[in-house]
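S.K.: Quick one: structure below, then a few questions.
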Amino acid sequence: MPLTLAYDSLEPIEKRIRQVRNDIGYISISEVIDRKHYESLGRIDFTESDLAPYMLDDELDDDEDNDDIEEPGQLPDLVAAPIPVDQALRHADAGCRWVREMVAANMNGQEEGRFRLFVWRPKGETILFTARFSCTDLGYVAPGPVKELGVIETATELLPNVHMTPEREAQLDALPTGRTWAALGAGHQQLLELTQKTYGHLATLQNTTINNQNTQILRMGKVIEDMASDRAKIAVGVTRNDETRRVEDGESRVREELGKQFISEIGTFGRIVASAKFGMAPEMVELAELVNGSPELLDAMKKPEVRQMLRDEKTRKELAAMLLMAAGSAPAAAPPGQSTAA
C-alpha cells in the first residue's frame, strides 16, 4: 500500500537547496530521536553518478536523436537553439527527491517522524546550512489483533461434532493467539527498521572514514611539499652563504694588504709630521716605528708589568747599558752597496 506522506517545513528547505546549489558538495539526513540524539540515515554526493537514479527521464542527457549524418550538399534544417540546462539546478532537484525517498523509506511502519538535514560544502570543510522538518503518514493504521486467527480460538464452535480429547484441547491451547501474532509482526517490523538504520549508519561511517583519510592524505601531501620547499630554500641559503663568505674573505685579505702598504708608505710622511708638529727627534720617530714593526716587542710594551719596569730609572739605565753592550759586540754593518764577504 503506497504511503500518503505530509511534510512540514520541507518546501522552504528545498527552496534553500536550489538557491545554494552551486556551493553544495553533498547532503546528509538524520532522524531526530530526541534533543541531543540523531540517527544518521544516509548521505549523497552532488555528482552525476550518485544523483542519476533520482533524475527524471527528461533531465537526462539524450544524444541518440542527434546523430543524423548530413548528406553532401544537404542544408541543415533551421531549428531553434537549445535552451541551456542548469546542471546545478538538476542536481538540486535530484537531491530533493533523494531526501523525500529517504524519509519515505524510514516512515514505513511509523506514523510520525522528525528529521534534520545537513547541507555541506565540497570535501565537508564547512556546512552551508542545517534545518529540521517533520513528516506524517496520513494513511497509517495502528497494528491490532489478527482477526484471521480468530478461527483457531473458536474451532470448537465451528466444529461441534468433533470429539475434543484432552490432548486436542492442549494442542489448541498451545497455539499462539491473535495478540501474539500481532506482537511478532511488530517485532519483525522493528527488526527490519533496525537493520535498515544499521546499514545506513555503516554506510555513513564508511563515507566519513574515507573523507577523513582523504583529508589526512591531502594534509600530509601539503606538509611534504612545505618540507621540500624549506629544504630547497635552506640549500640555496647555504650556497649563498658560502659564496658570501668566500667573497668577504677575499675582500678582507685585500684590505689587509692595502692597509700594510698604506702604513709603509705613510711612515716617512708620519716622521716628518711628528718632527715638525710635536718637536720629536727623528731617532724617536724611528724608534716608534721599530716598536710598531715588531709584534713581539709591541706585545711586550703593551703589558702593564713591562711599562711599570720601564718607569724605574735604575731599570732604564741597566737596559740602556745592556743595549750598548750588545751593539758593541755586534759586527759592523756593511755600507750600502758593499758585501760583507772577504
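The values are calculated or read from the model by the stated rules, or taken from the named source; none is laboratory data. On a predicted model such as this, the values are computed, not experimentally measured, just so you know. Here the Cβ positions follow ideal geometry from the backbone for every residue, glycine too, while neighbour counts run over all protein chains shown.
S.K.: List, please: which pairs have Cβ atoms under 8 Å, are six or more places apart or on different chains, and start with a residue in the range 17-40 that is in the same structural domain as M102 (by TED's automatic domain parsing) and among the aromatic types (F, W, Y) and end with one that is part of a loop (DSSP other than H, G, I, E, B) and surrounded by 13 or more Cβ atoms within 10 Å (Cβ to Cβ)?
M.R.: So the pair list comes out as Y26/F46.
S.K.: Kindly list, by first and then second residue, each pair from a residue in the range 180-204 that is assigned to a helix (DSSP H, G or I) and of a type in the set (F, W, Y) to a residue that is surrounded by 12 or more Cβ atoms within 10 Å (Cβ to Cβ) and modelled with pLDDT under 80, limited to pairs with Cβ atoms under 9 Å and residues at least 6 apart or on different chains.
M.R.: What qualifies is W181/P145; W181/V146; W181/L149.
S.K.: Does D58 satisfy being within 22 Å of I17 (Cβ to Cβ), at pLDDT below 80 and either not small (G, A, S) or not in a loop (DSSP other than H, G, I, E, B) (or both)?
M.R.: It is true that D58 is within 22 Å of I17 (Cβ to Cβ), at pLDDT below 80 and either not small (G, A, S) or not in a loop (DSSP other than H, G, I, E, B) (or both).
S.K.: Does G124 count as in the same structural domain as F46 (by TED's automatic domain parsing) and at pLDDT 85 or above?
M.R.: In short, no.
S.K.: If you don't mind, there's one more thing I want to ask. For the range 4-44, enumerate the residues that are in contact with a helix residue (DSSP H, G or I) (Cβ under 6 Å, 6 or more places away or on another chain) and part of a loop (DSSP other than H, G, I, E, B).
M.R.: Correct list: G25 only.
S.K.: Restricting the range 98-128 to residues that are within 21 Å of the chain's Cα centre (by Cα) and assigned to a loop (DSSP other than H, G, I, E, B), which is nearest to I17 (Cα to Cα)?
M.R.: R121
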